[in-house]
Structures are given as C-alpha cells and as structure tokens.
Amino acid sequence: MDPRTAPAARVKKPRALREPGNLLVHGDNLAALAKVRPQLEGKIRCVYLDPPFNTGRSFAQYNDSLDADEWVRMMRPRLEALVPLLADDGAVFAEIDDTQLAHLALLMDEVFGAKNRISTITVVRSATTGHKAINAGPVHVSDFILAYAKDKKRWRYRPQVRVREGLDPAYGTWLDDPDGTPARWKFRPLRSAIAEQLGYASPRAAAAGLGREAFDRLLVDRALASARNVVRFAQPRYEAIGRAAQKVVDQSRAAPERVFVLDREGRPAFIVRGGNRILFLGDKVRIVGGRPAIVEPLTNVWTDVPFQGIAREGGVVFTRNKKPERLVARVIAMSTDPGDWVLDPFLGSGTTAAVAHKMGRKWVGIESGDHLTTLATPRLERVIAGEDMTGITHETGFAGGGTFDLVTL
Ligand SMILES: C[S@@+](CC[C@H](N)C(=O)[O-])C[C@H]1O[C@@H](n2cnc3c(N)ncnc32)[C@H](O)[C@@H]1O
C-alpha cells in the first residue's frame, strides 16, 4: 500500500521507540545507557548516581580499588552517556566521598559545564565515633553530592525544607489573642504562659514540679501546637525596608506600647511594636510526619538524614554502600514531579528505584553486580507487593502496586 494513503490508525510507532515502563537492567551501565537511549532520550528528569567511591576496599559484591586516572577513565564515558538521556530541564546528582571528590568535580565541570553547576552538597553521614576517628588528620564524616543541571537556566528547584529540632529561643513571647484587635494585644513570657497552662504559678515552680527536662519538652510541644500564639520581636534593618514601613517604625518608636499594622498587598502584614517587628512562630511551622515542626529552608549542608539505622531498609544488607531512602527522596523531591523519570546507573541494592517507586516516579535502575538479582530485584518486588514498611514508606503513604521489567544484557 502507498504509505501516503494508509489510514493513520495503522501507522504505529516502531516498537523500539515506545516508552518503556519501570526498568531494571542487569549489565554494565555503559552498554545499558546506550541500550535505553532510543526509548528514553531527552526524558530523564533526575539522575542520581552513587558510583564506587574508589575507597581502596574490596567489598563482597565488587572491588572498589582503581588508580585515580583509571577511575576517571571509567566515569567519563558514563557521565557523557547521561547527557542525551537528560530532559532539557533535567539534572544529575552524583554522590562521592573525599577520595575522588576533586576528580569528579572537574570531570562534571567538563561534561555538564561549570555554568550548569547547581550545588555541592555536604552530607554528614556519621558521628566522630568508631573506626573513622583513628584516621590521621581531621575525622571524615561526610559525603558530597555534586549537582549539575543539563541547562541551569531551564532547571527548576522544587523548594525543600529541613526540620529544626526544639524551639528557636528567640520565640519567647506568648500572645493570648492573635485574632483580636492588635491595639488590645497583651504579651507575656512564653515560659510563664505555658507554666500557667500546666497549673503552676511560675516557670520555676513548673520546673521544680515536673523536672526541668519534662517542662522544657512540654514547653516545645505546647508552643508548636499553639504556634500562632508564639511570637518574637526582631529589629528590622531600617535601610532595607520601604518608605511606608520606615514610617510605621518611626511611629512605633514614638509610642512603644502600641502595636502598628501595615497591610501589604500579597505579603504578610508588617506588624511593629516598640520599633521591633512581630514575627509569628506559626509562619515557620508545618506538619511533618503528622506532627507540627519548625521548618527552615534547606541549605547545602545536610545534617538531618541519618545513615545510622538504615541496615534494615528495604530488607537488604549492603554494608557501607546502601544509602538512606530519605537522602535519595530529598534529591528526587527537589528535582522532579510525580510521573517524571528517574535514573540510577549504579543501582546497588535498589534504593533509588524503591524510593522513586514509592514517590510515584518512573524509574530505570542499572546494576552490573549479581546483587541486582539477590538484593535489588527482591527489594523492588517487596515494594510492589506492599510488603516493604521501611524507609520512606510511611511518609509517602505508598501501599504497593505497579510493575517493572527486568532486562539482562
Ligand atoms: C556505592 S554502590 C551503590 C549503592 C546504592 N546507592 C544503594 O543504595 O544500594 C555502587 C554500585 O555500582 C555498581 N557498579 C560499579 N560499576 C558498575 C558498572 N560499570 N555498571 C553498573 N553498575 C556498576 C556496583 O556493583 C555497586 O553496586
């Protein structure tokens, strides 16, 4: 039949170009990346890679001892093979420790362009206890994540927060009726207000009656639960605020007991007393894991993702190599939306695939070692069966479902 007159419905996409579902590939990642390119070119929004760190050790599953140049020769073509797979607004996050950090940074500058560097994130992975403490020189407790966009102008950061433990001591004032008329607002020390709520005449009496630690714990719980009633006073940088706000500050200084409110279009009201701005703890509190917590914008130093206690995550033992699900989840959350493609070419025990699956992303994981069969595959089968209750399962509410294909090269 003349192809120009063939009915449209019969014109099928060639099979090789159809988008695959979630995919586990058993084989060397260089060959695997070439293999998936026809289906996934330009589609991957996030690559997380956790290559061998070249620690000089030999693990049960693989040897981690190359000379530095050999390591770079191994990595270069693999990083280059990621470029065509990345979406134009995609990004690559490579985890590494001190050993190859400098080589990897230079290599990624070359492959992705220094201008596309998003961040160098320091991940604090252990305390100064154990074997690391006997190293000569400062004790190494960190990994690094080198983050590069394919095109930084097109990449979009999905803002993340970190939970601050305890209470910022600056928030030390209680306001009884935040919804009432500001002119009638009454302020008193937070500790006194909470002590009174607990049935004590003073903070000192509460600490004596309950024990200092218990009182401090209750204070934090109650302040977070009633965060709109908890405030701090902060001196505004006079030269950095607009004319209208400066005028309000001047008025407030002249009448320090009065509260002045300047409503602002599309921004929180500017509320001042005694020349100081009133800031509400409620503006910093979010529900995290079902409980109120103070959150702050995420920085490039991550101290809040525990590596301790992950031995059982995913039901797989992959000592010294497995990364916390929470760590990978943060990378995926900052760089993708549900339904996006995530790729890990050094999959190890399957962490990235398990996390992407629980977060509703599509994924490709590549691993050359036999642990793809003994660790990663059964781990993902448990995730799909809804049997994996570890890692980020609780936070995501994932209850099972989905599929993946396994391809051996
Ligand atoms: C540090 S581990 C990754 C651990 C992983 N993030 C996890 O949480 O389990 C590095 C992995 O890369 C695999 N690997 C090394 N060279 C590879 C290659 N050329 N192709 C595919 N996998 C490779 C190793 O077998 C090892 O499982």
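The values are calculated or read from the model by the stated rules, or taken from the named source; none is laboratory data. Fair warning: this is a prediction, and the values are worked out from it, not measured in the lab. Positions of Cβ are generated from backbone atoms using ideal geometry, with glycine treated the same way; all protein chains shown enter the neighbour counts.
Candidates are the residues of region 27-50 that are part of a loop (DSSP other than H, G, I, E, B) and out of contact with any strand residue (DSSP E or B) (no Cβ under 7 Å at 6 or more places or on another chain); the one that is farthest from the ligand (Cβ to nearest atom) is Glu41. Being within 28 Å of Ala329 (Cβ to Cβ) and either of a type in the set (D, E, K, R) or within 25 Å of the chain's Cα centre (by Cα) (or both) is not true of Asp69. Among the residues that make up region 134-143, is at least one of them within 19 Å of Phe346 (Cα to Cα) and either among the polar types (S, T, N, Q) or not in a helix (DSSP H, G or I) (or both)? Yes, some residue in region 134-143 is within 19 Å of Phe346 (Cα to Cα) and either among the polar types (S, T, N, Q) or not in a helix (DSSP H, G or I) (or both). Of all residues in region 280-310, those satisfying the criterion of being under 30 Å from Thr373 (Cβ atoms) and either surrounded by 11 or more Cβ atoms within 10 Å (Cβ to Cβ) or more than 16 Å from the ligand (Cβ to nearest atom) (or both) are Val305, Pro306, Phe307, Ile310. Contact map, region 340-355: residues that are at positive phi paired with residues that are of a type in the set (D, E, K, R) and more than 7 Å from the ligand (Cβ to nearest atom), Cβ distance under 8 Å, separation 6+ or inter-chain. Pairs shown: Gly350/Arg379. Any residue at all in region 45-60 that's on the phi > 0 side of the Ramachandran plot and either of a type outside the set (Gly, Ala, Ser) or modelled with pLDDT of 90 or more (or both)? Scanning region 45-60 turns up at least one residue that is on the phi > 0 side of the Ramachandran plot and either of a type outside the set (Gly, Ala, Ser) or modelled with pLDDT of 90 or more (or both).
Just for region 344-360: of the residues that are within 13 Å of the ligand (Cβ to nearest atom) and among the hydrophobic types (A, V, I, L, M, F, W, C), which one is nearest to Glu387 (Cα to Cα)? The residue in question is Ala354. Set side by side, the residues Ala136, Ala214, Ala170 differ, and just one is over 23 Å from Glu95 (Cα atoms), assigned by TED's automatic domain parsing to the domain that holds Val331 and within 34 Å of the chain's Cα centre (by Cα), which is Ala136. If you go through region 217-236 and pick out every residue that is surrounded by 18 or more Cβ atoms within 10 Å (Cβ to Cβ) and of a type in the set (A, V, I, L, M, F, W, C), you end up with 6.
Among the listed residues Trp363, Trp341, which satisfies the condition of being more than 9 Å from the ligand (Cβ to nearest atom), aromatic (Phe, Trp, Tyr) and within 19 Å of Phe318 (Cβ to Cβ)?
Working: Trp341 fails: within 19 Å of Phe318 (Cβ to Cβ).
Going through Trp363, Trp341 in turn, the sole match is Trp363.
Examine region 391-405 for a residue that is of a type outside the set (S, T, N, Q) and part of a helix (DSSP H, G or I), and state whether such a residue exists. Yes; the residues of region 391-405 include at least one that is of a type outside the set (S, T, N, Q) and part of a helix (DSSP H, G or I). Is there a residue in region 8-26 that is in a loop (DSSP other than H, G, I, E, B), within 14 Å of the ligand (Cβ to nearest atom) and modelled with pLDDT of 70 or more? No, the conditions are met nowhere in region 8-26.
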